[in-house]
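What follows is one structure encoded as C-alpha cells, with my remarks underneath.
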Amino acid sequence: MRKPLVAGNWKMNGSSAGNKLLLNEILAAANSFPSVDVALFPPAVYLHQVQQALKDSNVAWGTQNVSSYHQGAYTGEISATMLHDFDCKYVLIGHSERRCLYAELELDQLVLDRIIAEKYNMAISEGLIPIICIGESPEEHAVGKTEEVIGRHLDILIEHQGVKSLSQAVLAYEPVWAIGTGRSATPEWAQDVHSFMRERVAKYDVETAQGLRILYGGSVKGNNAAPLFSKPDVDGGLIGGASLDANEFVKICQSAQKQVLG
Ligand code: 13P
C-alpha cells in the first residue's frame with residue numbers, strides 16, 4: 001500500500017504570530033496521524049520558523065516553488081540548494097496559480113512545459129521530492145478535455161525526464177475549477193482521473209506507476225476528505241484553504257490515517 005501524503009499549501013498566507021499558533025496546534029495532534037506523511041508549504045520567508053518548529057516532529061516541509069537555475073542574477077527567485085539550508089524535503093512545481101498568474105500565462109505552452117520540466121529536474125537532482133501539480137481549466141473541463149490535458153502533461157514530463165524519475169516524485173491532480181471554489185471534485189471523478197493518470201504512467205513503466213503517489217487537491221475540507229481518500233488511486237491530498245485552520249487540517253490528516261488502518 002502506498003503511504004498517504006497530506007500536504008498543506010499555505011499559499012501567500014501567514015504571519016509569525018499566526019504561524020506559531022497553527023504549528024503548535026498541528027504538532028499537538030501529530031501523534032494522531034503516525035502512518036501518514038504530512039508536509040507544510042509556507043511562504044519561503046517563514047521557512048526558518050517552520051523548520052525550527054517542526055524539526056523534531058513527523059511533519060515535514062517544503063516550498064511552493066523553486067528556480068530552475070542554481071544561482072545568479074535571478075531577482076526574487078530561490079534555488080534548490082538554498083532549500084537545503086532549511087532542510088526542505090519537498091517542493092511544489094507547476095501549481096496552477098503559478099502557471100496562470102505569473103507571467104507564465106504570457107508564455108508559449110511549450111516554453112512553460114520546458115520550465116516546469118527544468119524545475120522538476122532541478123528538484124530531483126538536488127534530492128528534493130517534487131510534487132508536480134496538473135489539472136484542467138474550467139474551460140477545458142466544460143468541453144471534456146480533462147484526459148487530453150492531463151495526458152499531454154504526463155507525456156511531456158516523462159519524455160523529458162524519463163519515467164523512472166517519477167519514483168522520486170509525487171503527482172497532484174488539481175482541477176483548476178475546484179481550487180478555492182468550495183466545489184471539490186466528487187470522489188468518483190477524482191478516482192477516474194487518478195486511475196487514468198496511473199494507467200498513463202503504467203504505459204511507460206508498471207512498477208513506477210504502482211508506487212506513485214497521486215494526491216487530489218481542490219476544496220478538500222475536514223468533511224469531504226474521508227470519501228476522497230477512500231478511493232484506491234487517491235493517495236492523499238494537497239490542501240489549500242483548509243491547511244490554514246488547524247482543526248480542519250488535523251481532521252484531514254486523521255482521515256488519511258483512518259484509511260491506512262482500514
Ligand atoms: P483549496 O484547498 O483552497 O481549494 O486549494 C487547493 C490548492 O490549490 C492546493 O495547492
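None of the figures in this text is laboratory data; all of them are computed from the coordinates on show. Just so it is clear, the structure is predicted and the values come from calculations on it, not from any experiment. A quick note on method: Cβ atoms are made from the backbone with ideal geometry, for glycine too, and the neighbour counts reach across all protein chains shown.
Here are the numbers for the structure shown:
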quantity: Scope region 109-151; condition within 16 Å of the ligand (Cβ to nearest atom) and among the hydroxyl-bearing types (Ser, Thr, Tyr); matching residues; calculated: SER137
quantity: Residue in region 158-170 that is out of contact with any Cys (no Cβ under 8 Å at 6 or more places or on another chain), surrounded by fewer than 17 Cβ atoms within 10 Å (Cβ to Cβ), touching a residue at least 40 places away in the same chain (Cβ under 8 Å) and over 23 Å from PRO130 (Cβ atoms) present; calculated: no
quantity: Tabulated pairs, region 212-225, first free of Cβ contacts under 8 Å to residues at least 40 places away in the same chain, second of a type in the set (A, V, I, L, M, F, W, C) and not in a loop (DSSP other than H, G, I, E, B), C-beta under 7 angstrom, 6+ apart or interchain; calculated: VAL220/LEU228; VAL220/ILE239; VAL220/ALA242; VAL220/ILE252; LYS221/ALA242; GLY222/ALA242; GLY222/ILE252; ALA225/ILE252
quantity: Set SER184, SER243, SER195: member being on the phi < 0 side of the Ramachandran plot, assigned to a helix (DSSP H, G or I), polar (S, T, N, Q) and crowded, with 19+ Cβ neighbours inside 10 Å; calculated: SER243
quantity: Unique match (being part of a loop (DSSP other than H, G, I, E, B), surrounded by 13 or more Cβ atoms within 10 Å (Cβ to Cβ) and away from the ligand (no atom under 16 Å from the Cβ)) among ASP87, ASP56; calculated: ASP87
quantity: Leading residue by the ranking (farthest from TYR216 (Cα to Cα)) among those in region 1-45 that are assigned to a loop (DSSP other than H, G, I, E, B) and aliphatic (A, V, I, L, M); calculated: ALA29
